[in-house]
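Okay, so here's the structure we're looking at.
The values are calculated or read from the model by the stated rules, or taken from the named source; none is laboratory data. Everything numeric in this text was worked out from a predicted model, so none of it was measured. Note that we place each Cβ from the backbone using ideal geometry, even for glycine, and neighbour counts take in every protein chain shown. All accessible areas refer to the heavy atoms of the entire protein, side chains included, with ligands and DNA or RNA removed. Shrake-Rupley method; radii C 1.70, N 1.55, O 1.52, S 1.80 Å.
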Amino acid sequence: MCEVAMEEQGSEITDMERCSSREEYGVIVESPRHRVNPPLSVVWTTMLYCAELITACILCKSYHKTNDVFWMSLTIVFMLVPAVLIQLTLTFIHRDVGRDRPLVLLLHLLQLGPLIRCFEALVVYFKAGQNEEPYVTLSRKTNLEKGREIELEIGQTERTLATHRNAFKRTAVIQAFLGSTPQLTLQLYANIQEKYTLSVRLALMIITLVSITYGALVCSVLAIQITYDSIKVRLRPAAYLCMVLWRALEITTRVTTLVLFSTALTHWVILVGGLNLLFFFFLPWVEFWVQKGSLAEGVEKNFSKLGTAVVLCMFTLLYACINVFCWSAVELDLAHQELINRKQSWRRLVFYYSGRFLENLILITLWYFFKSDFFEYVCALLVVVQLLIGYCLAVLFMMLFYQFCHPCRSLFKYNVHDCLHCICCRHRPASRRGSMPPSYSTAATMLKEEPLELLDPQNCLPPDERESLA
């Protein structure tokens with residue numbers, strides 16, 4: 001999974017104009033003589049899609065034999081809904097509606113669109129380098145290690161492969177949070193309620209967990225690439241290891257908490273999930289109305305205002321589904337052309353993880369007091385402690401990533417150490433605050449908007465104490 005993600009990080013291509021005087025800005029021009037990267041992310045996403053689809057079909061057949069109509073119906077719903085959305089997404093990105101490609105459209109109707117797209121990407125890759133081709137666009141990125149701009153001449157082959165990679169990144173996120181996440185929650189709940197484990201159901205749960213973790217990893221990488229679009233991002237293996245552990249622990253503990261709570265208070269979990277979904281769905285729209293902005297015009301030029309609103313609603317729904325289970329790593333700005341707010345801060349991330357930890361604590365505590373008889377032979381207190389520790393470990397790996405492994409940490413003004421130091425000094429006696437030396441650490445966090453004066457421990461004091469020290 002890490003190798004697939006490492007292959008993705010250099011695949012973003014942005015159209016740029018040639019600089020009239022490159023030497024003045026220290027721009028290095030590189031021709032595309034290097035080997036084209038294989039579309040590993042496309043192949044991996046297609047494999048996950050097919051594996052989950054096939055395993056879900058086999059499980060539905062098993063449910064049909066045992067007359068479990070309820071489980072079979074929900075499994076089919078969580079299998080087909082994301083599949084249909086993936087076909088629409090691939091068709092929309094590749095703009096095949098107005099083109100004469102009946103075979104491709106037929107395969108999309110048969111829910112086999114990712115297969116033909118993967119085949120097309122592999123054909124383009126294996127044909128690369130056979131003919132000399134002129135560049136069609138320029139990609140200008142800043143290399144932080146060399147401290148200068150690099151301008152790459154991008155050929156038609158690399159541009160086509162980049163389109164396929166970008167399309168499959170979106171489908172991986174859709175598959176993960178509109179299909180795999182509810183599917184994993186359903187099958188884990190069915191496994192507890194039926195009090196036995198089917199081998200095919202266990203296989204489906206493992207595949208969906210891998211799919212969700214990969215989708216969350218793609219969200220994190222996309223957030224970095226969007227925020228630092230002009231920088232050549234290179235993530236090291238340690239960064240991917242931290243992100244995988246962070247996301248896997250976060251998602252596993254969240255899904256397990258919701259499933260255990262649903263076994264004790266079945267109808268209340270609908271209220272909890274519904275409130276979470278509605279909150280994150282309407283949050284970007286409320287911010288949009290407060291700012292009195294206008295709908296983004298860059299979604300699609302051929303869309304009317306109604307079509308733009310529908311696309312934005314679907315995009316917001318995906319954003320809400322992600323945040324119900326894990327941190328989306330981006331903040332929506334519906335008035336912006338790119339729909340993403342690049343100026344992110346620690347404040348919203350801290351609020352999210354604090355609120356999510358408190359919610360998980362309440363849900364798992366309620367399960368502990370109202371658990372069913374099935375858990376009589378299980379140490380329930382140990383389960384509660386394990387889930388809370390697991391979520392704390394997820395937050396710890398997240399902090400380690402932003403402190404030491406973030407590829408653009410040298411551009412940040414703050415780090416985790418400085419933020420924690422500023423928070424802790426608020427709770428110390430005034431006699432000890434004035435003697436605290438300032439922090440000179442240069443590792444990075446997401447904070448970019450706060451004034452630099454907050455790094456001084458004396459500025460964490462109330463105004464009256466600050467004047468007395470002066």
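Which residues, taken from the range 325-350, are part of a helix (DSSP H, G or I) and either touching a residue at least 60 places away in the same chain (Cβ under 8 Å) or more than 18 Å from the chain's Cα centre (by Cα) (or both)?
Once the filter is applied, which keeps residues that are part of a helix (DSSP H, G or I) and either touching a residue at least 60 places away in the same chain (Cβ under 8 Å) or more than 18 Å from the chain's Cα centre (by Cα) (or both), the range 325-350 yields PHE325, TRP346, ARG347, LEU349.
Please go through the range 180-213 and give me each residue that is surrounded by fewer than 21 Cβ atoms within 10 Å (Cβ to Cβ), β-branched (Val, Ile, Thr) and more than 12 Å from THR55 (Cβ to Cβ), ordered by number.
ILE192, THR197 - these are the residues of the range 180-213 that are surrounded by fewer than 21 Cβ atoms within 10 Å (Cβ to Cβ), β-branched (Val, Ile, Thr) and more than 12 Å from THR55 (Cβ to Cβ).
Which of the residues spanning the range 231-279 are open to solvent by less than 20 Å² (accessible area, probe 1.4 Å), hydroxyl-bearing (Ser, Thr, Tyr) and either closer than 15 Å to ALA394 by Cα or not in a helix (DSSP H, G or I) (or both)?
TYR240, THR253, THR257
Could you list all residues from the range 84-106 that are open to solvent by 40 Å² or more (accessible area, probe 1.4 Å) and over 25 Å from CYS321 (Cα atoms)?
ARG95, VAL97, GLY98, ARG99, ASP100, ARG101, PRO102, LEU103, LEU105, LEU106
Take the residues in the range 109-120 that are touching a residue at least 12 places away in the same chain (Cβ under 8 Å) and over 10 Å from TYR49 (Cβ atoms), then tell me which one is least open to solvent (accessible area, probe 1.4 Å).
Taking the candidates together, the pick is ARG117.
Residues that are in contact with a strand residue (DSSP E or B) (Cβ under 6 Å, 6 or more places away or on another chain) and either at pLDDT below 80 or more than 20 Å from PRO38 (Cα to Cα) (or both): does the range 122-133 have at least one?
yes
Would you check which residues across the range 332-374 are under 19 Å from TYR319 (Cα atoms) and basic (Lys, Arg) and list them?
Within the range 332-374, ARG342, LYS343, ARG347, ARG348, ARG356 meet the criteria.
Yes/no matrix, rows are residues, columns are (1) surrounded by 17 or more Cβ atoms within 10 Å (Cβ to Cβ); (2) at pLDDT below 85:
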position: ALA320; (1), (2): yes, no
position: ARG342; (1), (2): no, yes
position: SER345; (1), (2): no, yes
position: VAL350; (1), (2): no, no
position: THR365; (1), (2): no, no
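Please pick out the residue among VAL43, VAL36, VAL81, VAL123 that is surrounded by fewer than 20 Cβ atoms within 10 Å (Cβ to Cβ), β-branched (Val, Ile, Thr) and free of Cβ contacts under 8 Å to residues at least 40 places away in the same chain.
VAL123
Kindly provide the set of residues from the range 60-78 that are of a type in the set (D, E, K, R) and either surrounded by 12 or more Cβ atoms within 10 Å (Cβ to Cβ) or within 16 Å of LEU178 (Cα to Cα) (or both), ordered by number.
Hit for the range 60-78 is ASP68, nothing else.
Which one is most open to solvent (accessible area, probe 1.4 Å) among residues in the range 284-298 that are free of Cβ contacts under 8 Å to residues at least 12 places away in the same chain and not basic (Lys, Arg)?
So the residue we want is TRP289.
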